[in-house]
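Enquirer: Got a structure for you, questions after.
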Amino acid sequence: MFNHLQGVPADPLLKLITQYAQDENIDKVDLGVGVYKDELGNTPIMQAVTAAEIIILDKQKTKTYIGPAGSQLYCERSAELLFGENHSVIKDRRLSIAQTPGGCGALRMAAEFINFCAAGAKVWVSTPTWVNHIPLLTEAGLVLAEYPYYDNQTKSVDFGGMLEALETAKEGDLVLLHGCCHNPSGADLNPEQWQQLTNLIVAKDLIPFIDIAYQGLGDGLDEDAYGLRLMAERVPEMIVASSCSKNFGLYRERTGTVVIISSNSQRASICTSQLFSTIRGHYSMPPAHGAAIVETILDDNLLKAQWLNELTTMRLRLSDNRAALVDAIKSAGVTEDFSFINSEKGMFSFLGINPTQVTRLKDDYSIYMAGSSRINIAGIAQHNVQYVANAIAKVISSQ
Ligand code: LMR
């Protein structure tokens, strides 16, 4: 049965983790996979998370099965985080929610659910989008179409091109949007653009499918959910996949949420039963620990305040790193304008250099980034920023 299998190359992004670990250069810099790092290059456990784990260890009485939705308290707190406590979709009971194994679990269960509702449904994805969106959606049976998003020339969102492409979408098509901190470009829609896009989605009866994996790391928890909350108010049906990997630092605990919004509460309860059946047929029920941490934090005012403080520190560090990198590139003598990095949000930006230059940064300077020149802004630190900028200046000037 297995004899015909061909080897599959390792995921290029995840491969960077191994390559970086094996590099013995003491000046090496990891700007690869999207994990938050502090000034020392560590990805520490948030203090609110550790405090919650102590409480969980003390209070948890059983590890018996919990059901396909996971923890109800987690689902409720997650919905409040996403939509805001008083959002009409919560009050009108239009939500079907489940705790999932990470944001990927949420995306995949959403994709399986969509494919069950409408086999081979079309999902419009941004060009570019997060690489793993493609297998997560297509392997569930969905068909992808692309809308232009990031313009490599202007270093900003090609909003006109995006609207023009979506004008050709058909009723019932889904539009995958990054709620904030677009991965890989860091270029986000502004509120006016979200409003225009919402008008188009409503007018054409399209279904928004929002992936929000970085809430709190762009402009703030509420600000980052602006587009999601706006669309949820305006459309009858919508899908959301969220992740606690980045904003709670729970990467390996695999904690996310899938939300289906239906047009009314009766339809929502039917959708809920179907969503749970989809989950049961895939992994039966989600792992508990990460969600227990999140609900413990969000349900306790002191812990929540501590978490918010830590999240704010992370967000500010990312924007400080952006400014420091732009300044350092300038002082390294680069004449091209890199200030677009300052107006982008969250963990990522493209440097906009070519693949040969990316390879030279890795081979000659041990600076690791995705082949697309996407950098993880969190990997920049005071001690390495000028080294990175000087290396960028060198590879730009020699090609
Ligand atoms: C990234 O884009 O680097 C992260 O979301 C990690 C991943 O799984 O790709």
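Enquirer: Tell me, which helices (runs of 4 or more DSSP H) wholly within region 69-144 include 1 or more residues that are on the phi > 0 side of the Ramachandran plot? Break it down into steps so the answer makes sense when it comes.
Expert: Values: elements: 72-83, 88-91, 102-117, 133-138.
The qualifying helices (runs of 4 or more DSSP H) are 102-117.
Enquirer: Which ones in region 34-62 are away from the ligand (no atom under 16 Å from the Cβ) and among the aliphatic types (A, V, I, L, M)?
Expert: Those that are away from the ligand (no atom under 16 Å from the Cβ) and among the aliphatic types (A, V, I, L, M): Leu40, Ile45, Met46, Ala48, Val49, Ala51, Ala52, Ile54, Ile55, Ile56, Leu57.
Enquirer: Identify, please: which residue in region 20-33 is closer than 11 Å to Ile367 by Cα and not hydrophobic (A, V, I, L, M, F, W, C) and is, among those, nearest to the ligand (Cβ to nearest atom)?
Expert: Within region 20-33, the match that is nearest to the ligand (Cβ to nearest atom) is Gly32.
Enquirer: Is it fair to say Gly346 is on the phi > 0 side of the Ramachandran plot, in contact (Cβ under 8 Å) with a residue 12 or more places away in the chain and touching a helix residue (DSSP H, G or I) at 6+ places or on another chain (Cβ under 6 Å)? Before you say what the answer is, go through the steps one by one.
Expert: Numbers: on the phi > 0 side of the Ramachandran plot: yes; in contact (Cβ under 8 Å) with a residue 12 or more places away in the chain: yes; touching a helix residue (DSSP H, G or I) at 6+ places or on another chain (Cβ under 6 Å): no.
So Gly346 does not fit the description; no.
Enquirer: Among Ile270, Ile297, Ile260, Ile279, which is the only one that is more than 25 Å from Gly379 (Cβ to Cβ) and not in a helix (DSSP H, G or I)?
Expert: Values: Ile270 fails: not in a helix (DSSP H, G or I); Ile297 fails: not in a helix (DSSP H, G or I); Ile279 fails: not in a helix (DSSP H, G or I).
Going through Ile270, Ile297, Ile260, Ile279 in turn, the sole match is Ile260.
Residues checked against (1) in contact with a helix residue (DSSP H, G or I) (Cβ under 8 Å, 6 or more places away or on another chain); (2) within 16 Å of the ligand (Cβ to nearest atom):
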residue: His133; (1), (2): yes, yes
residue: Ala140; (1), (2): yes, no
residue: Gly161; (1), (2): no, no
residue: Glu167; (1), (2): yes, no
residue: Leu197; (1), (2): yes, no
residue: Ile212; (1), (2): yes, yes
residue: Tyr226; (1), (2): yes, no
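Enquirer: Here is a check on your reading of the model: is Ser96 among the polar types (S, T, N, Q), within 21 Å of Gly281 (Cβ to Cβ) and either modelled with pLDDT under 95 or crowded, with 22+ Cβ neighbours inside 10 Å (or both)?
Expert: Considered against the rule, which asks whether it is among the polar types (S, T, N, Q), within 21 Å of Gly281 (Cβ to Cβ) and either modelled with pLDDT under 95 or crowded, with 22+ Cβ neighbours inside 10 Å (or both), Ser96 comes out as yes.
Enquirer: Considering region 147-164 alone, what residues qualify as being open to solvent by less than 20 Å² (accessible area, probe 1.4 Å) and of a type in the set (A, V, I, L, M, F, W, C)?
Expert: Met162
Enquirer: Here's a follow-up. Looking only at region 38-68, count how many residues are without any contact (Cβ under 8 Å) to a residue 24 or more places away in the chain and part of a helix (DSSP H, G or I). Lay out the reasoning, then the answer.
Expert: Looking only at region 38-68, we keep the residues that are without any contact (Cβ under 8 Å) to a residue 24 or more places away in the chain, and these are 42, 50, 54, 57-59, 61-62, 64.
Remaining after also requiring part of a helix (DSSP H, G or I): 50, 54, 57-59.
Looking only at that region, the number is 5.
Enquirer: Can you pull out every residue in region 1-17 that is within 14 Å of the ligand (Cβ to nearest atom) and out of contact with any helix residue (DSSP H, G or I) (no Cβ under 9 Å at 6 or more places or on another chain)?
Expert: Within region 1-17, the first condition is being within 14 Å of the ligand (Cβ to nearest atom), and the residues that meet it are 10-17.
Within region 1-17, Asp11, Pro12, Leu13, Leu14, Lys15, Ile17 qualify.
Enquirer: While we're on this one: Go through Glu171, Glu233, Glu237 for me and flag whichever is more than 14 Å from the chain's Cα centre (by Cα) and either buried (at least 16 other Cβ atoms within 10 Å of the Cβ) or without any contact (Cβ under 8 Å) to a residue 12 or more places away in the chain (or both).
Expert: Values: Glu171 fails: either buried (at least 16 other Cβ atoms within 10 Å of the Cβ) or without any contact (Cβ under 8 Å) to a residue 12 or more places away in the chain (or both); Glu233 fails: either buried (at least 16 other Cβ atoms within 10 Å of the Cβ) or without any contact (Cβ under 8 Å) to a residue 12 or more places away in the chain (or both).
After applying the criteria, what remains is Glu237.
Enquirer: More than 15 Å from the ligand (Cβ to nearest atom) and touching a Phe, Trp or Tyr at 6+ places or on another chain (Cβ under 6 Å), is that true of Ala381? Lay out the reasoning, then the answer.
Expert: On the way: more than 15 Å from the ligand (Cβ to nearest atom): yes; touching a Phe, Trp or Tyr at 6+ places or on another chain (Cβ under 6 Å): no.
Against the criterion (more than 15 Å from the ligand (Cβ to nearest atom) and touching a Phe, Trp or Tyr at 6+ places or on another chain (Cβ under 6 Å)), Ala381 does not qualify.
The values are calculated or read from the model by the stated rules, or taken from the named source; none is laboratory data. Being a predicted model, the structure only gives us computed values, none of them experimental. As a convention, Cβ positions derive from the backbone with ideal geometry for all residues, glycine included, and neighbour counts pool all protein chains shown. Heavy atoms of the whole protein, side chains included, go into the accessibility calculation; ligands, DNA and RNA do not. Shrake-Rupley method; radii C 1.70, N 1.55, O 1.52, S 1.80 Å.
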